[in-house]
Amino acid sequence: MPPVYVTTQDAGETFELVRDRTFKDYLKAHNFGSGIKLADILLEKAQQKPAVYFYDIGCGEGGVVTDMFQAVAKLAKERRLPRNLTDRIHYIGIDAHVGDHWIDSERTRFYEGDLLTILNSGSLPPADVAVANEVFPYLDHKLEAVEATANHLNRDGGILSLKPFKRHQLRY
């Protein structure tokens, strides 16, 4: 997809809508204090559970999955943990509009459509970790979507990270 630039109601404010982010981009955007990054959380949960479900809300073209498993495997190797811990991680991408880039596999699954409809379908497992970049400001029912996502988190320590949520995006 070519770059898309959005002009907001803030005078002179523009930003680029990026649909082909990588996991490396998510490592920069989502940190959880004290140097803990998204890969740390996925690896920790993979040590505790036989299956870990990572939701990428607003996944765009699903580029995050291209380097996610390798990044977590590299971290496992650095910590002298079994590399096969990454086999426990399952990627679930959700986006309203997609191209033909998605490929479902044993550990990756993609869903196209309305976030509320998908989450309320009852067909998805609870999310252990859910992230969204530049997504919620564009939803028609923001609070309902945040609530549905939070309610879909695993009750045994599910994590939701929403970034960024800028004021000018709210008025777009």
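The values are calculated or read from the model by the stated rules, or taken from the named source; none is laboratory data. Just so it is clear, the model here is predicted, and its values are computed rather than measured. Note: ideal-geometry Cβ built from the backbone for every residue, glycine included; neighbour counts use all protein chains shown. When the accessible area is computed, the model is the full protein with side chains, heavy atoms only, and any ligands, DNA or RNA have been set aside. Shrake-Rupley method; radii C 1.70, N 1.55, O 1.52, S 1.80 Å.
Observations
- The residues on offer are 162, 143, and the sole one that is modelled with pLDDT under 85, outside any loop (DSSP other than H, G, I, E, B) and either of a type in the set (Phe, Trp, Tyr) or over 18 Å from residue 60 (Cα atoms) (or both) is 143.
- Of the residues making up the range 22-41, one or more are β-branched (Val, Ile, Thr) and either surrounded by fewer than 12 Cβ atoms within 10 Å (Cβ to Cβ) or free of Cβ contacts under 8 Å to residues at least 40 places away in the same chain (or both).
- Single match in 87, 67, 100 (criterion: assigned to a loop (DSSP other than H, G, I, E, B) and either at pLDDT 95 or above or over 19 Å from residue 157 (Cβ atoms) (or both)): 100
- Among the residues of the range 24-49, the ones that are in a helix (DSSP H, G or I) and either among the polar types (S, T, N, Q) or out of contact with any Leu (no Cβ under 8 Å at 6 or more places or on another chain) (or both) come to 10 in all.
- Within the range 113-148, the set of residues being farther than 25 Å from residue 41 by Cβ and in contact with a Phe, Trp or Tyr (Cβ under 8 Å, 6 or more places away or on another chain) comprises just one member, 138.
- Some residue of the range 93-102 being of a type in the set (Phe, Trp, Tyr) and farther than 18 Å from residue 37 by Cα: yes
- Filtered residues of the range 77-103 (kept if in contact (Cβ under 8 Å) with a residue 40 or more places away in the chain and under 16 Å from residue 42 (Cα atoms)): 85, 86, 88, 89
- Answer residue from the range 50-62, given it is outside any strand (DSSP E or B) and modelled with pLDDT of 95 or more and is nearest to residue 82 (Cα to Cα) among those: 50
- Candidate set: the range 65-76, residues that are under 20 Å from residue 125 (Cα atoms) and touching a residue at least 40 places away in the same chain (Cβ under 8 Å); chosen: the one most open to solvent (accessible area, probe 1.4 Å): 65
- Scanning the range 104-113 for residues that are in contact (Cβ under 8 Å) with a residue 12 or more places away in the chain and either open to solvent by 50 Å² or more (accessible area, probe 1.4 Å) or assigned to a strand (DSSP E or B) (or both) yields a count of 6.
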